[in-house]
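Novice: The structure is given below, and queries will be raised subsequently.
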Amino acid sequence: MFLAHYGQGTPESPIIPIGKPILSPLNVDEFVPPEVDEIYVDDKLTLHVINKLHKDRTRAAQQEAVPLAEELPVAEKLYSEALEHAHEFMNDVRKGKDVNYHDAEPVVDGFIESVFRNESAAVTLFKLRRFDEYSYTHCINVGVLSIILGKFLGLDKDTLRLLGLSGLFHDVGKARIPEDILNKPASLTPREMEIIKTHPLESFKIISATDGPAKDILRGAVEHHERFDGTGYPRGLSGKDIGIFGRIISIVDVYDALTSKRCYKAAMPTSKALSLMYQWRDSTFAPNSIEHFIKCIGVYPVGSFVRLSTGEYAVVTDNNSSNASRPMVKILFDASLRRKASVEVDLLKDPSGLEIKECLNPAGYPVDLARLLLV
Ligand SMILES: [Fe+2]
């Protein structure tokens, strides 16, 4: 490998010798100080892996060739199965029974395969959900979004399975918290807050009931409220002491919490949630991690309901990787919210300068986007 650019540091005050070949993993430790989070490698110079990379990318592209309309019903069925499963394990914990996370492996594997066929289908479900059962949908959303972000970061399928399970069970400890505290529509007292803060450790204990629990799953669950700057809980870990599962799950956990409707707050539009989370980069979240997440799901994730500069209403159908604010959209309604013949527009190529004015919460409109997306 040849180092091309710094993730941190500048060419004026180099930490790493740019352009110098790294011939073995041992050299990485030699050249890259432990405080450096990210380096850029010049793939063009890395001759012996180009073919492999090319093959992997071609294979990935082929695997994503399933159209959204075809994958959406499959992902929807998986979501219902997962929802049933979440009800089961949360209720088991409430009754004092043990849970075995291996039971959830088929559903997590199903999501991994779905995400590799067409990840927009799973992302779309978050936007279209009409469920009003946050405690259950949140487990699934965090599990699936973790898989999507983990895939974007290059994790292999075996690691994604552990990550998906860790995401699915990260909040299982909340089943041991009294519901009147969990759903309190007012601010919590310091005592109630202390009780809430026990849930990551409770999740850890519950997952530990499975024979030979995977360490990564446990660590992701117990670290999902730790923060990069050390302000999180339960242990106040900071920086690199927080494992990659904890870092990934913390991002998707906050994202799902902000964009979900709760008994004490409305759902926040995705673009607003992402811009808020972007302000917390380098404090709540590790450097570059929010940037990665935004690149991964787009500023307007597939399935977002938007109002265009013409006043018309549309749904986002695909992302343009070169410009996250100009995705592909399907126009469904005129400015008076009357249904019109669907027209698909690539906002990156549209000559009239059509653009997104606002990201809306579909729950506030009398539209069934799930059905219209398939038309
Ligand atoms: Fe949590």
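The values are calculated or read from the model by the stated rules, or taken from the named source; none is laboratory data. Everything quoted here is computed from the prediction, not taken from an experiment. Cβ: placed from backbone, ideal geometry, glycine included. Neighbour counts: every protein chain shown.
Novice: I'd like to know if the stretch 185-199 contains one or more residues that are within 19 Å of the chain's Cα centre (by Cα), within 14 Å of the ligand (Cβ to nearest atom) and on the phi < 0 side of the Ramachandran plot. Break it down stepwise before answering.
Specialist: Of the stretch 185-199, the ones within 19 Å of the chain's Cα centre (by Cα) are none.
Scanning the stretch 185-199, I find no residue that is within 19 Å of the chain's Cα centre (by Cα), within 14 Å of the ligand (Cβ to nearest atom) and on the phi < 0 side of the Ramachandran plot, so the answer is no.
Novice: Give the number of residues within the stretch 303-337 that are small (Gly, Ala, Ser) and either closer than 20 Å to Pro366 by Cβ or in a strand (DSSP E or B) (or both).
Specialist: Going through the stretch 303-337 one residue at a time, the tally reaches 6.
Novice: How many residues are buried (at least 21 other Cβ atoms within 10 Å of the Cβ) and more than 14 Å from the ligand (Cβ to nearest atom) when one looks only at the stretch 219-239?
Specialist: Result for the stretch 219-239: 1.
Novice: Go through the residues of the stretch 287-298 one by one and say whether even a single one is assigned to a strand (DSSP E or B), at pLDDT 85 or above and either within 30 Å of Ser250 (Cα to Cα) or not assigned by TED's automatic domain parsing to the domain that holds Thr259 (or both).
Specialist: Among the residues of the stretch 287-298, not one is assigned to a strand (DSSP E or B), at pLDDT 85 or above and either within 30 Å of Ser250 (Cα to Cα) or not assigned by TED's automatic domain parsing to the domain that holds Thr259 (or both), which makes the answer no.
Novice: Output the residues belonging to the stretch 299-334 that are touching a Leu at 6+ places or on another chain (Cβ under 9 Å) and of a type in the set (Val, Ile, Thr).
Specialist: Val299, Val302, Val306, Thr310, Val315, Thr317, Val329, Ile331
Novice: Quickly run through the stretch 69-107 and pick out the residues that are surrounded by 14 or more Cβ atoms within 10 Å (Cβ to Cβ) and small (Gly, Ala, Ser).
Specialist: Ala75, Ala82, Ala86, Ala104 - these are the residues of the stretch 69-107 that are surrounded by 14 or more Cβ atoms within 10 Å (Cβ to Cβ) and small (Gly, Ala, Ser).
Novice: I need the full set of residues from the stretch 163-184 which are in contact with a His (Cβ under 7 Å, 6 or more places away or on another chain) and either away from the ligand (no atom under 12 Å from the Cβ) or not charged (D, E, K, R) (or both), in order please.
Specialist: Step one: filter the stretch 163-184 for residues in contact with a His (Cβ under 7 Å, 6 or more places away or on another chain), giving 170-171, 173-174, 177.
Once the filter is applied, which keeps residues that are in contact with a His (Cβ under 7 Å, 6 or more places away or on another chain) and either away from the ligand (no atom under 12 Å from the Cβ) or not charged (D, E, K, R) (or both), the stretch 163-184 yields His170, Gly173, Ile177.
Novice: Same structure again: If I filter the stretch 240-279 down to residues being over 20 Å from Ser187 (Cα atoms) and loosely packed, with under 15 Cβ neighbours inside 10 Å, which single residue comes out as modelled with the highest pLDDT?
Specialist: Checked the stretch 240-279; the qualifying residue modelled with the highest pLDDT is Asp241.
Novice: On the given criteria, is Val99 outside any helix (DSSP H, G or I) and in contact with a helix residue (DSSP H, G or I) (Cβ under 8 Å, 6 or more places away or on another chain)? Even if it seems obvious, please write down each step before you answer.
Specialist: Values: outside any helix (DSSP H, G or I): yes; in contact with a helix residue (DSSP H, G or I) (Cβ under 8 Å, 6 or more places away or on another chain): yes.
In short, yes.
Novice: Within 16 Å of the ligand (Cβ to nearest atom) and either polar (S, T, N, Q) or surrounded by fewer than 20 Cβ atoms within 10 Å (Cβ to Cβ) (or both): does that describe Ser146?
Specialist: Yes, satisfied.
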